Amino acid sequence: MLPKDFISMNKKIVIGIPPKAHLTLALDEVNGFREIGYDCNYITYGRNDQSINVFNKLIGVIKNAINIVFALYKFSPAYLYLNSRFEPVASTRDAISLLIIKALYFKNVKIIIKTHGSDFAVFSPDSGFFTKQVVSFLAKNVNAWFFLSSEEKDIVYKNNPSLGRNAYVTANVVDSKRSVHSRAFQTEFKLPDNKFKFLFVGRIVREKGVFAILESIPYLPFKDKCQFIFVGDGPDLNELIALSEQLKVTDNVSFVGFINDDKCDHFYANTDALVFPTFFNEGFPMALFKAVAAGLPIITTRIRAAKDHLIEPDNTLWVSGESTSTLVDAITRLYENPGLRESMSLNNRKLGEEFSRHKVVTQMHQTLSTLA
């Protein structure tokens with residue numbers, strides 16, 4: 001329920017959305033704010049072309065900041081909300097952008113940043129004078145930080161209480177309706193009817209636990225009744241394929257490669273369980289929570305947002321990073337217990353409702369209302 005003073009608030013907001021990554025997430029929030037009564041505008045904000053040199057990247061940041069200033073004068077919002085990351089490069093971009101905005105925009109506007117991932121190298125003793133000044137500037141000029149896990153918020157508060165006092169925990173919007181069970185989809189991607197389908201979705205890098213998944217397969221006595229489906233691309237894909245041949249499990253695996261989000265979402269409704277043993281410090285991994293919303297049983301690691309929202313064995317079975325033995329145990333337990341899979345599926349569908357567009361945006365609104 002929205003606060004009683006909602007009607008009296010200035011509900012105009014400009015949202016900086018990324019050009020590519022997280023674009024769907026950002027547009028979900030734009031539409032969510034509009035649905036609860038905000039007058040919402042948006043503008044591109046985010047990564048430049050990574051192939052260009054530092055000077056041209058800087059020019060891009062300056063141009064983008066000036067475009068935001070024009071949008072602010074045209075719209076006169078109460079809030080400027082930027083999607084970003086908390087790490088040295090993105091934080092430097094944010095600081096430069098806000099410096100320009102503060103210098104050129106003379107009306108009052110509250111600054112909100114949502115961080116899609118973090119690298120706390122900004123707090124390391126050898127981070128350098130410049131990085132320390134960037135963090136200090138942001139701490140003074142950002143009115144609210146949205147992090148995607150309690151762990152990130154706690155680390156920020158521990159290292160910079162000034163910044164941490166304005167830190168809040170939120171979630172990403174997850175729309176389970178984007179994943180549809182379909183015979184045509186199963187046929188297109190050769191998903192077998194007669195095998196239990198374990199799914200991994202994500203960048204194919206060692207830090208996502210993909211090698212541990214592959215190395216666990218030979219130890220499964222029921223492996224020939226299963227198919228392990230890897231959806232994604234990355235620098236370690238060729239090595240992973242070579243390892244599958246070395247382990248003689250090519251008949252038990254499928255490497256789908258990169259699939260755009262619109263089509264990739266359907267894997268969750270057409271497989272039987274998600275295996276996601278990442279040991280990369282992700283904030284709110286969408287593959288994991290899309291699987292939750294689709295009602296898939298989960299095997300994952302106890303980090304960040306997973307630790308905030310999931311309980312064993314209600315929603316997940318925990319594994320330990322690169323540990324093949326814990327994966328073998330969890331996969332076996334899940335495969336051999338249909339009752340566990342059924343209860344986990346029901347619990348996850350219910351949990352997924354907490355990440356609806358309305359609930360996530362309403363919770364963010366409640367934070368914004370305290371800044372007015």
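The values are calculated or read from the model by the stated rules, or taken from the named source; none is laboratory data. What you see is a predicted model, and the numbers here were worked out from it, not measured in a lab. As a convention, Cβ positions derive from the backbone with ideal geometry for all residues, glycine included, and neighbour counts pool all protein chains shown. Protein only, heavy atoms only, side chains kept; ligands, DNA and RNA dropped before computing areas. Shrake-Rupley method; radii C 1.70, N 1.55, O 1.52, S 1.80 Å.
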Restricting attention to the range 337-369, which residues are within 27 Å of L80 (Cα to Cα), open to solvent by less than 10 Å² (accessible area, probe 1.4 Å) and not β-branched (V, I, T)?
-> F355, M364, H365, L368
Those residues of the range 124-155 which are in contact (Cβ under 8 Å) with a residue 60 or more places away in the chain, part of a helix (DSSP H, G or I) and more than 19 Å from the chain's Cα centre (by Cα), in sequence order = none
Does K223 fit the bill of being open to solvent by 10 Å² or more (accessible area, probe 1.4 Å), in contact with a strand residue (DSSP E or B) (Cβ under 9 Å, 6 or more places away or on another chain) and without any contact (Cβ under 8 Å) to a residue 40 or more places away in the chain?
-> no
Qualifying positions in the range 316-372 - within 30 Å of I111 (Cβ to Cβ), at pLDDT 95 or above and not in a helix (DSSP H, G or I) | S356
Among the residues of the range 29-36, is there at least one that is among the charged types (D, E, K, R), within 23 Å of S149 (Cα to Cα) and not in a loop (DSSP other than H, G, I, E, B)?
-> yes
Count of residues meeting criterion [under 30 Å from L27 (Cα atoms), open to solvent by 10 Å² or more (accessible area, probe 1.4 Å) and in contact with an Asp or Glu (Cβ under 6 Å, 6 or more places away or on another chain)] in the range 173-218 = 3
Please find, among T115, T92, the residue that is among the hydroxyl-bearing types (S, T, Y), in contact with a Phe, Trp or Tyr (Cβ under 7 Å, 6 or more places away or on another chain) and under 20 Å from N166 (Cβ atoms).
-> T115
Somewhere in the range 292-304, is a residue modelled with pLDDT under 95 and open to solvent by less than 30 Å² (accessible area, probe 1.4 Å)?
-> yes
Considering (1) polar (S, T, N, Q); (2) open to solvent by 20 Å² or more (accessible area, probe 1.4 Å); (3) closer than 18 Å to D261 by Cβ, say which one N166 fails and leave the rest.
-> (3)
Are any of the residues in the range 96-109 open to solvent by less than 10 Å² (accessible area, probe 1.4 Å) and in contact with a strand residue (DSSP E or B) (Cβ under 6 Å, 6 or more places away or on another chain)?
-> no
Based on what the data block shows, is F255 of a type in the set (F, W, Y) and open to solvent by 10 Å² or more (accessible area, probe 1.4 Å)?
-> yes
